[in-house]
Structures are given as C-alpha cells and as structure tokens.
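Below: one structure, written as structure tokens.
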Amino acid sequence: MNNLDEIVQAIDARLESKNAVREEALALSRRVVQHASHAIRAVHRREFEEAQAILQEMQPIIDEMHRRTHEQPDIYFTGYVQDAQKEYVEAHLTKAIVQNQPLPTPEELEVEDASYLNGLGEAASELRRYVLDLIRHDEMGEAERLLEAMEEVYSQLITVDFPHAITGNIRRTSDMLRGVLERTRGDVTVVMKQRELQRALERFEQRIR
C-alpha cells in the first residue's frame, strides 16, 4: 500500500489531461455547430458565396477537434464530436443540394458514416424551409426539384438497416424526415392544384368573352 498515493496521483494527472481535452473538444464542437447554423442561414438567403466562406472557416475548427480527440477515443465518442460532425455535414449537403451540385462524400468531409447519414437526413429536412420560400416566389419548378431530392434522400435512408449503436439512430432521423416530407409534399401539391385551377378559370373566362 505504500505506493497507493503515487498510483492515485498518476491517475489524477491522466484524468486532468483527459478533462482538458474534453473541455477543448466541447468548445470546438460548439463553434462548429454555430458556424454550421450561420452557413445554412446564408443558404436560405441565397448568399452562396457567404455560405461557402463560412464552410471554409469551419474546416480548420473541425480538423483541430479531430486532432485533439484522436488519441482519446472515449472523448471522441462521447457524442458531441459526432453531433458537430452531423451539423457540419448538414451545412455542406444543404448547400450542395440547393445548388444542384454533387454531394461531398464522408471521405471528403472526413466524418464518421453515421454522422454523415444523420447529417444527410437533417439536410433533407432543412430543404422544407427553402421549398416554402420557393413557393412564395412562384418558383415551382425548383420547388419540385428539391421535393424530389427530399424523397430520394428518404428512400435511401430507410434502406440502412443496422443497430442504432452503429448508425447513430438513423431510424429516428428518417422518421422525422418522413413527417417533414409528407407535409412538404402536401404543400407543393396544394399549390400546384391551385395554380392548375387558376389556369383553367382563366381559359374559361377567355372562351366566354
């Protein structure tokens, strides 16, 4: 027992170092989430150059978060690193889908597969807001394109059938997307039928003049 004090002191030093990594990773993850929110907001304002600039600012932050947690897997997999990755993916994919560009891959973004899939699902849900703006601006062709993108994402996500521990509970993300998709499809359908009825009335009025 004469070495107990030495053992506890060594453990305490290691835990103190681990906690320092945890605090830094948590702060970095919050910065990633904040930047992702700003990038998505810029996309909704159609300020795509601004969104791209913010995405580029995020890269060194997420790289540093990964570097700091690389040798601390118990810190890396606590959840907030994956949440930051998910938000990072959501911002990238929202911009890519809206601009009709190829989607960056998990390898290109350097994120976990589960984080990518959940970010993809949330990006598709985020498109609802953009679709509603398009409807208000009478851009129905583009609204239909994004609705189709939402449907394609959903149809792909529901094929991923692995335990929640592996997928980060992608089923929950898919279920949420399904609800958003159904509401958005309903909104687009109602507006298209209204436009069709309006055109029919206009043709009828022209015939009876």
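Summary table below
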| read-out | value |
| --- | --- |
| Residue count, segment 103-117 (criterion: in a helix (DSSP H, G or I) and either in contact with a His (Cβ under 7 Å, 6 or more places away or on another chain) or surrounded by fewer than 16 Cβ atoms within 10 Å (Cβ to Cβ) (or both)) | 4 |
| Filter result (crowded, with 16+ Cβ neighbours inside 10 Å and over 19 Å from R46 (Cβ atoms)) within segment 126-159 | V153, Y154, L157 |
| Pair list, Cβ under 7 Å, 6 or more apart: segment 5-22 residue without any contact (Cβ under 8 Å) to a residue 60 or more places away in the chain and surrounded by 10 or more Cβ atoms within 10 Å (Cβ to Cβ), other residue of a type outside the set (D, E, K, R) and not in a helix (DSSP H, G or I) | K18/Q72; V21/Q72 |
| Near pairs, Cβ below 8 angstrom, 6+ apart or cross-chain, from segment 58-84 (more than 23 Å from L120 (Cβ to Cβ)) to any residue that is of a type in the set (D, E) | R68/E24 |
| Odd one out for E57, checked against (1) touching a Phe, Trp or Tyr at 6+ places or on another chain (Cβ under 9 Å); (2) under 23 Å from E108 (Cα atoms) | (1) |
| Hits in segment 165-209 - residues which are within 20 Å of the chain's Cα centre (by Cα), modelled with pLDDT under 90 and surrounded by 10 or more Cβ atoms within 10 Å (Cβ to Cβ) | none |
| Flag if S155 is within 30 Å of H70 (Cα to Cα) and hydroxyl-bearing (S, T, Y) | no |
| Odd one out for Y116 among (1) more than 21 Å from R46 (Cβ to Cβ); (2) without any contact (Cβ under 8 Å) to a residue 40 or more places away in the chain; (3) out of contact with any helix residue (DSSP H, G or I) (no Cβ under 6 Å at 6 or more places or on another chain) | (3) |
| Conditions (1) outside any helix (DSSP H, G or I); (2) buried (at least 19 other Cβ atoms within 10 Å of the Cβ); number of the one not met by A25 | (1) |
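The values are calculated or read from the model by the stated rules, or taken from the named source; none is laboratory data. On a predicted model such as this, the values are computed, not experimentally measured, just so you know. Cβ sites come from the backbone with ideal geometry, for glycine too, and all protein chains shown count toward neighbours.
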